[in-house]
Amino acid sequence: MKLVSRLRVLLAALLFSLAGHAAAQNNLEINTPAISALQKSMQQRHAQLAPLYASGALGLARDGTVALRDASSVPLAQRGQINALVSAENADRAALYREIARANGRPEWEADVRATFAQRWIDRAQKGWWVQGAGGWVQK
Amino acid sequence: MHSAPRLALCAMLLAITSACVTINIYFPAAAAEKAADRIIDEVWQLRDNAGQPARPEGAAQ
Amino acid sequence: MATATCPPASSRPDFFRFVACCLAALALLSAAGGAAARALVLDFERLEHPAFVVHDLELTLEEGGAAARLRIGALEAGGRRIEGLRLQCPRFRLDADQLQCAGGRLDVAGLSGVAVELDARLAARSGTLRLELGDGEALRLNAAADGVLRAELRGVEVARLGALAPLLAGWQPAGRIDGQVEHRGARAAGRSRFDLNWREGGFSSTDGLQAAEGIALRLHGQVDGRAGGWDWQAALEWSAGEAYLHPLYLTAGPRAQLRGRLAGERLRIDEATLELDGVERVAGQGEYDLAAGRLHSGGFGIARADLAVVGPRYLAPLLAPAQAEGLRFAGHVSAGLRVEDGRLAELDAAFEQAGIGLEGGELAFGPVDGALPWRAEQATEAVLSVGGGRWQKLALGAFDLHARLHGPQVAVERVRIPLLDGALVFDDLHLRHGADGWHGSGGAVVEPISMPLLTEAVGLPPMAGVLSASLPGMQVSPGEIVLDGALVISVFGGYLQATELRVLEPFGVASHLYADIDARNLDLAQLTDTFSFGSISGQVDVGLRGLELARWKPVRFDARVASSPGRYPRRISQRAVQNIGALGGAGAVAAIQRSLLGFFESFGYREIGISCVLRDGVCLMGGLEGAGGAGGGYALVRGGGIPALNVIGYNRRVDWFELVDRLQRVTESNASPVVR
């Protein structure tokens, strides 16, 4: 009798822990120092990128990266710097997708994380920004 | 006498915990979207933007 | 009115048939005379010439042939088609010897009101055609009786070329061209000279990735027709303006000399030399496919390029755009490249006192001497002699690197990089460059490095001991280096072992390192002495699980320090007790038996235990297991012997940075121990 009740308690505890797992599923771990560092780096860079998104020089690509789509509006001498900026942003983004997958113990999720982000960057882009759809670049 | 139920319990525990692990194999798309949105908010300063237009008014008062 | 229709010419038609037909029609017009035949219309459905085809040509002769109107439905020449061409000649003359159009006006799609003056001597096959396009734009074509053809251009808008050549239309060419082109001799065996100046020039691809502005460029040279092709030579002087050819930004200055042959769509460059700032000499040759618009094959050599100049301008944007601004170059490189079928097939580089490093000196190599041959389809071996390097605060010694290269693969059997009195050795390194970065494996060994030297080099208090590592299973993938094996430091009379080492995102802001660290039997006397923390005798074991270092600072771990099992003297000095108290902040450590504190230099203890779970900048503190003090405190030191002393902490959540700060202050202030 005593054993049965103990079993019952244990089962309840297990169920709770299961619920805990399920709850954990509702959130991906993104509070790691590496992710914060990337987030901060990208946030700082955004001040430089935002006017370039607005002018159409840069667009949000389908693969979760930033692409140099029309540099015509940028002075020639600065196009190289913008290319460097884009490369740095894309390096951070690649690291971010890897880190999120890693932080959740699933490095193989990287491609899924990237795809999710690609969609969300595009969905949440401001009006006037260029985003890459299946048929090419479109302005939001 | 005591050990048999304990073994059964252990087996069940194992079965359930291993089941727990398999749940995670599927990519949690909704959770990922939420995580992406939180990071995008931060990077693009979207939550602050909403508060920004109010600031000059506050400064004027 | 009379209408003469010349039939479509069938096989191998001739332009002269057209002229003959015109003359016949004109004869008809003058023979007919009278008011009824004051005008004559000649209508050609199709007129073919090896160089051009004319569709729907209508020539109207008016006023008895003294004025003329020409309408061409479409003109096809050189693969291009011009539609809707109209020419009006108010003063027209056509007879057996002369073709004249004075005060004429030409209208064609995209171009209207062009003033035309034509004066041709048919028998002598000479003449002049002047086209004034307005706004200082003029084109003069002259055929002399001796067979010399001459074209003079004055301020001709390059944009017109865009309208004429669809290939150029996407490039938005701009600027004006002045100059002349002269041709003498038969068409296919003659010689042309040209001297053209492009000013205020520019172009831009639609995405702006290939563009130029404010260009002043002179192109001069000659072309000789020979054996069905053209031998050419040219000199190019770029004297003003700037260009962006993705990802390179270029400014005026370069001059080039070129020589080659053009046959069909193949442009062959037999010799090209380029004067470029920072490079002693650039020479090349190649074959350019005009139809495909790409370099079919080619090669060029670069002699003694000054890396300090060409590195930031050309190498960094091409090889590492994200780090471009932080890269520093030095020394010289000479190189030879071969391109085949539009792809790099061979590269030979020779380094001379070359150096590369990150700004701030985090990582640097050089001077490097040696040769690096590379073939896309063949194995080669690179031999580089590296004079030294720097990694963070550590100076790396000189080493030789023998690497086997094969396409995207690099293999290094063994490289030994001296580090202080030891070395960093890599064995059986196999790396492969894929689309997403480097993948590979290998092994690493750290040959014993003495701790006194290492601690001195990195600016830590001197420690005795030796560091060594054996990491046989190293795995490299993009953004991750996993080191399977152990790094062992014998230090403080015990040893410290780091396993599960992983370096993540080594080249970015998120660079961090994971490890599990286990230390056994660290002698507290040495440890506390080293860090001037008072004096504690005894031994501790330390477990640091899931340690994560970001930029060499711990950001996450589960740490546990506990007295090692065994028999050894266990005393703690008054100073150390005070310091532990100071670490806890004001009033954080309680239950110190103050009354005794003044009388004794040191106290006995039974065990020491402290744990810290670091998360998000907060250290969750704990003490000895099962030895919690009253009121939720936790015992850090459990007393024993005489006099006995318990140290109990109450603050469970401690700000990590504050703790580090306090620790630093405590150790600094105790640099010279104070005895009361």
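With the convex hull of the Cα atoms taken as the outline of region C:265-407, the averaged projected area works out to 9.4 nm². The aspartates and glutamates within cross-link reach of residue C:553, meaning a Cα-to-Cα straight distance under 16 Å and a gap of 8 or more places when in the same chain, are C:362, C:505, C:516, C:616, C:655, C:658, C:661.
Averaging 1/r over each pair of different alpha-carbon atoms in region C:135-248 and inverting the result gives 15.5 Å, the Kirkwood hydrodynamic radius. Label-to-label distance, residue C:468 versus residue C:275, with points set 7 angstrom from Cα along the beta-carbon direction: 6.2 nm. Here region C:447-495 and region A:69-140 have alpha carbon centers that stand 38 Å from each other. Less than 12 Å Cβ to Cβ from residue C:259, Lys/Arg counted +1 and Asp/Glu -1: what total charge do the surrounding residues give? Here the count lands on -2. Full extension of the chain between residue C:490 and residue C:395 gives 32.0 nm of extra length, using 0.36 nm per residue less the Cα-Cα distance.
Please state, rounded to one decimal and in Å, the Kirkwood hydrodynamic radius that region C:392-439 gives when every pair of distinct Cα atoms enters the mean of 1/r. Computed over region C:392-439, the radius equals 12.1 Å.
Between the beta carbons of residue C:308 and residue C:255, assuming R0 = 22 Å, the FRET efficiency works out to 0.50 to the nearest 0.05. Against chain C, whose longest principal axis is taken from its Cα atoms, helix C:15-32 shows a tilt of about 40°. State log₁₀ I(q)/I(0) for region C:459-509 at q = 0.18, 0.21, 0.32 Å⁻¹ as given by the Debye formula over alpha-carbon point scatterers of equal weight, solvent excluded. The calculated log intensity ratios at q = 0.18, 0.21, 0.32 Å⁻¹ are -0.69, -0.80, -1.10.
Counting charges near residue C:552 (Lys, Arg +1; Asp, Glu -1) among other residues having Cβ under 12 Å from its Cβ returns a value of +1. One way to sum up the overall shape of chain C is the equivalent ellipsoid from its Cα gyration tensor, whose semi-axes run 90, 27, 20 Å, largest first. Can you compute the label reach from residue B:47? Point 7 Å from Cα along the Cβ direction, backbone N cut-off under 17 Å, restricted to region A:98-117. It comes to no residues whatsoever. Pair-distance distribution of region C:495-669: all C-alpha pairs, bin width 10 Å, starting at 0; shares per bin in whole percent are 10, 35, 37, 13, 3, 0. Working note: 222 nm ellipticity from helices only, DSSP H runs with n ≥ 4, each -39,500 (n - 2.57), summed and divided by the residues of chain C, gives -3000 deg cm²/dmol to the nearest 500.
Rg/Rh for region A:31-139 stands at 0.98; both radii use Cα atoms, and Rh follows the Kirkwood definition. Give me the net charge for the shell around residue C:132: Cβ to Cβ below 14 angstrom, other residues only, Lys and Arg +1, Asp and Glu -1. Spelling it out: positives minus negatives among the neighbours equals -1. Listed by chain and number, the aspartates and glutamates placed with their C-alpha closer than 13 angstrom to that of residue A:40 are A:89, A:92, B:41, B:42; residues fewer than eight positions away on the same chain are left out.
Put a dot 7 Å past the Cα of residue C:325, heading toward its Cβ, do the same for residue A:40, and the two dots end up 1.8 nm apart.
Measuring how big region C:195-282 is from its alpha-carbon positions, Rg and Dmax come out at 14.7, 41 Å. Note on region C:78-188: Rg/Rh from Cα positions, Kirkwood definition for Rh, rounded to two decimals, is 0.99. Each label was represented as a point 7 Å from its Cα along the Cα-to-Cβ direction; for residue B:33 and residue C:383 these points are 6.2 nm apart.
FRET efficiency for the pair residue C:181 and residue C:553, taken as 1/(1 + (r/R0)^6) with r the Cβ-Cβ distance and R0 = 41 Å, rounds to 0.05. Between region C:536-584 and region C:92-120, the alpha-carbon centres lie 100 Å apart. What are the aspartates and glutamates whose alpha-carbon lies under 18 Å from the alpha-carbon of residue A:140, with same-chain residues fewer than 8 places away excluded? The qualifying aspartates and glutamates are A:63, A:70, A:123.
Read-outs throughout are calculated quantities, based only on the coordinates presented, and are distinct from any laboratory measurement. The shown structure was predicted, so the numbers you read here are calculated from the model rather than taken from an experiment. Glycine also receives a Cβ, built like all others from the backbone with ideal geometry; neighbour counts cover every protein chain displayed.
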